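Below is one structure, written out as structure tokens; comments come after it.
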């Protein structure tokens with residue numbers, strides 16, 4: 001074989017390998033940012049006695065809020081190469097609305113490292129998560145179990 005053919009084959013293989021490597025890196029980066037299945041597994045490992053009812057991810061995929069069956073809430077945040085799960089105890093969080101109605105700032109008294117600003121894909125998701133946290137807060141104030149509305153908003157008469 002001539003050296004030109006050998007170098008052409010080598011160059012083609014190098015391009016193919018580079019394309020494959022960048023493609024895999026891109027897929028791995030996207031998958032890790034917003035993987036609700038991973039949140040279920042990780043939160044389940046951290047808190048095996050808690051039944052997960054619903055999940056909502058922030059727009060950037062760096063935080064996933066968890067609504068638990070008994071009215072409590074939790075959060076899982078991505079920190080580089082690991083995830084931190086936190087069970088939000090009733091009455092142990094402060095929520096402040098942002099100017100952009102797609103998000104809020106949350107201060108978690110028991111875990112200040114989890115506190116931050118959270119922006120969601122739309123206003124409905126932000127409102128839903130803030131209601132989970134409000135329900136969590138009201139449960140602590142009244143000492144009662146939350147009323148299950150089946151996900152339907154309560155109407156005021």
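None of the figures in this text is laboratory data; all of them are computed from the coordinates on show. Since the model is a prediction, treat every value here as computed from it, not as a measurement. We place every Cβ from the backbone using ideal geometry, glycine too, and count neighbours over all the protein chains shown.
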(message) Report the gain in length on full extension from residue 23 to residue 36: 0.36 nm times residue separation, minus Cα-Cα distance, nm rounded to one decimal.
(response) 2.5 nm
(request) Using the number of other C-beta atoms within 10 angstrom as an exposure proxy, rank 100, 135 with the fewest first. (result) 100, 135
(request) Would you kindly state how much longer the chain becomes between residue 110 and residue 70 on full extension, computed as 0.36 nm times their sequence separation minus their alpha carbon distance, in nm to one decimal? (result) 12.5 nm
(message) Given an 8 Å cut-off on Cα distances and at least 6 residues of separation, report the relative contact order of the stretch 36-142 as a percent.
(response) 22 percent
(request) In vacuum, with every alpha carbon of the stretch 19-123 counted as one equal point scatterer, what does the Debye formula give for log10 I(q)/I(0) at q = 0.18 Å⁻¹? Two decimals, please. (result) -0.89
(message) How much length would be gained if the chain were fully extended between residue 14 and residue 81, taking 0.36 nm per residue of separation minus their Cα-Cα distance, in nm to one decimal?
(response) 21.2 nm
